[in-house]
Amino acid sequence: MENVFDILSERGYLDQCTYEDELKEMLGKESVPFYIGFDATADSLTLGHFIQIRVMQHMQNAGHVPIALLGGGTTTIGDPSGKSDMRSLMNRETIDYNARRFKEQISSFLDFSDGKGYIENNADWLTKLNFLEFVREIGIHFSVNRMLQFDCYKNRMEQGLTFFEFSYMLMQSYDYLYLYRKHGCKLEVGGSDQWSNILGGYELVRKLEGDKVYAMTFKLLTTAAGIKMGKTMAGAIWLDPEKTTPYEMFQYLRNCDDRDVIKFMKLLTMLPLDKIAEYEKLEGAEINKAKEVLAYEVVKDVHGEEAAKAALDASHSLFGGDKASEDIPATEFEAAKFDEPVGILNLMTELGLIKTNSEGRRLITQGGVSIDDEKVTDPKLEITKDNFKDGEIIIRKGKKVYHKVIIK
């Protein structure tokens, strides 16, 4: 079997690792328990998290043992990495709920039966720590001078850094030590912005246990336009179909930049590389075939084949001129809402199609907004019940974003 290190490298995941040759040799010779952490900052995982899940799937398929670590404890502090100010504090009930939702979602992608993998929650041990014992056992191994050289802390010095946040690295490092002692965990994996935190745990285990353990990060993924993948003007692309519909996820991927489609195929799908190489040969308008495959494969793996087929059909019906599909994103209102005229800009803001009136005015003056295929030319247009045919209108923003408005 091909070494999973090579698979991760060939598909474009790898960024940095400790002792590359040793790590590759270990991954090729034995079944390695490894972990990735997920701080429970929302009630759903995102498409960005899906990259981490794909890494875990590749590792598990190669015979390694994934440990999905829910950050029920670390979320109470908040990772300062990449933050300009302190993360808003969340209450215990919200964090616990978010962690349960993460557990449900992650469990649909990985096999946690019969010791093939584990789901842990660091609230189970971090909330029980005795402060004095913790700083005596763990704190003495961390140099404040060295920690302040890490970007996650150095970039915050001018704005202000609390001791509360400063302790995050110690907590995450202790996670590695705990999982090593409980499951024999030999590798922590995470995004490249986690390198300093991961090194803290890697060094702690080596110091206290005298064993060789390893650290590996994968690249933070951005589009060719420099935008973090899985982000849109309207917000994140969620794995929860109630937050981002399968159709919306499909369209996000279907509309990706030509320069990104092969990269996203390698990272987000489980298609074999030789198959992806065939799509890489496509040029011009033919690239749209690859985009459709990308979107279909991801939606199929996240939401099931039925949802993927429905999203594909909805996409075809829209671009083929048939707007009858039930899978177009839709919002229902009471008919009484339109007893009085509703401004088009206010309606589009309420639907999440625009963030500001100025954005909406710009779109309309540039010919980028239509209602039932009729271009809107006046930003002051008002919508009444008379605009609805059979209780529906379809608003199109740009060339590819559709939203159905239904009154009942």
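The values are calculated or read from the model by the stated rules, or taken from the named source; none is laboratory data. The model shown is predicted, which means the values in this text are computed figures rather than measured ones. Here the Cβ positions follow ideal geometry from the backbone for every residue, glycine too, while neighbour counts run over all protein chains shown. All accessible areas refer to the heavy atoms of the entire protein, side chains included, with ligands and DNA or RNA removed. Shrake-Rupley method; radii C 1.70, N 1.55, O 1.52, S 1.80 Å.
Counting charges near R101 (Lys, Arg +1; Asp, Glu -1) among other residues having Cβ under 12 Å from its Cβ returns a value of -2. Computed from the Cβ-Cβ distance with R0 of 51 Å, the FRET efficiency linking E382 to R259 stands at 0.80.
Once you have a ≥ b ≥ c as the square roots of the Cα gyration tensor eigenvalues for segment 261-408, tell me rounded if a/c is under 1.5, and otherwise prolate or oblate according to whether a/b is larger than b/c. Mind dumping the intermediate values first?
Numbers: a/c = 2.73, a/b = 2.01, b/c = 1.36.
Here segment 261-408 falls in the prolate category.
Projecting the Cα atoms of P246, I138, Q366 onto the dipole axis of the chain, where Lys and Arg carry +1 and Asp and Glu carry -1 at the beta carbon, places I138 farthest toward the positive end.
Write down the accessible area per residue of segment 1-122 in Å², having rolled a 1.4 Å probe over the full set of protein chains. Intermediate results must be reported in sequence, preceding the final value.
Numbers: 5000 Å² over 122 residues.
On a per-residue basis, segment 1-122 sits at 41 Å².
Charged side chains reduced to their Cβ positions (Lys and Arg at +1, Asp and Glu at -1) give the chain a dipole of some 760 debye around its Cα centre. Farthest towards the positive end of the charge dipole of segment 263-408, among the residues G352, H316, A277, is the Cα of A277, using unit charges on the Cβ of Lys, Arg, Asp and Glu. The stretch between Q149 and K281 holds 43.0 nm of extra length on full extension. This uses 0.36 nm per residue minus the Cα-Cα distance. Rounded to 0.05, the FRET efficiency of the N288 and I227 pair, given R0 = 22 Å and the Cβ-Cβ distance, is 0.60. Calculate how steeply helix 47-61 sits against the longest principal axis of the alpha-carbon atoms of the chain, using the helix alpha-carbon long axis, and give the answer as 0 to 90 degrees to the nearest 10. Compared with the principal axis, the helix lies near 50 degrees. Computed extension gain for T127 through D390, at 0.36 nm per residue and net of the alpha carbon distance, reaches 89.0 nm. Taking 0.36 nm per residue of sequence separation and removing the Cα-Cα distance, the E374/K337 pair yields an extension gain of 11.1 nm.
Of F333, F38, F388, the residue with the greatest mean-square motion in the GNM of the chain, using alpha carbon springs below 10 Å, is F333. A simple rule links phi to the HN-Hα coupling: the Karplus curve 6.51 cos²θ - 1.76 cosθ + 1.60 with θ = phi - 60°, which for segment 358-374 gives 5, 4, x, 4, 5, 4, 5, 5, 8, x, x, 10, 9, 10, 6, 6, 9 Hz, with x for Gly and Pro. If I compute solvent accessible area with a 1.4 Å probe over the protein chains, what percent of it on segment 1-138 is carbon and sulfur? It is 46 percent, rounded to a whole number. If I fit a long axis through the Cα atoms of helix 92-107 and take the longest principal axis of the Cα atoms of the chain, what angle between them do I get, 0 to 90°, rounded to 10? Result, in degrees: 90. Near C185, the amide H atoms lying under 5 Å from its own belong to Y180; only residues 5 or more places off or on other chains count, and H is placed 1.01 Å from N.
Set the Förster radius R0 to 45 Å, insert the Cβ-Cβ distance between E350 and F164 as r into 1/(1 + (r/R0)^6), and round the FRET efficiency to 0.05. Could you put the intermediate results ahead of the total?
Numbers: r = 38 Å, r/R0 = 0.84.
For R0 = 45 Å, the calculated efficiency reads 0.75.
The residues of segment 289-408 present an accessible area of 52 Å² per residue when probed at 1.4 Å with all protein chains retained. Figure legend: label point modelled 7 angstrom from the Cα of R181 along Cα→Cβ; residues of segment 193-221 with amide N under 12 Å from it are 205, 208-209.
Axis of helix 20-29 versus longest Cα principal axis of the chain: the two differ by about 90°, to the nearest ten degrees. Near F333, the amide H atoms lying under 5 Å from its own belong to I406, I407, K408; only residues 5 or more places off or on other chains count, and H is placed 1.01 Å from N. The modelled label-to-label distance between D313 and E2, using points 7 Å beyond Cα along the C-beta direction, is 3.5 nm. Between rounded, prolate and oblate, where does the chain land on the alpha carbon gyration tensor, with a ≥ b ≥ c its root eigenvalues, rounded for a/c under 1.5, else prolate if a/b exceeds b/c? Prolate. If the cut-off is a Cα-Cα distance under 21 Å, which lysines reach K182, setting aside same-chain residues fewer than 8 apart in sequence? Filter leaves K103, K116, K128, K207, K212.
Out of the total accessible area of segment 262-408 (probe 1.4 Å, heavy atoms of protein only), what percent is carbon and sulfur? Walk me through the numbers before you get to the answer.
On the way: 3620 of 7800 Å².
Accessible surface attributable to carbon and sulfur in segment 262-408 totals 46 percent.
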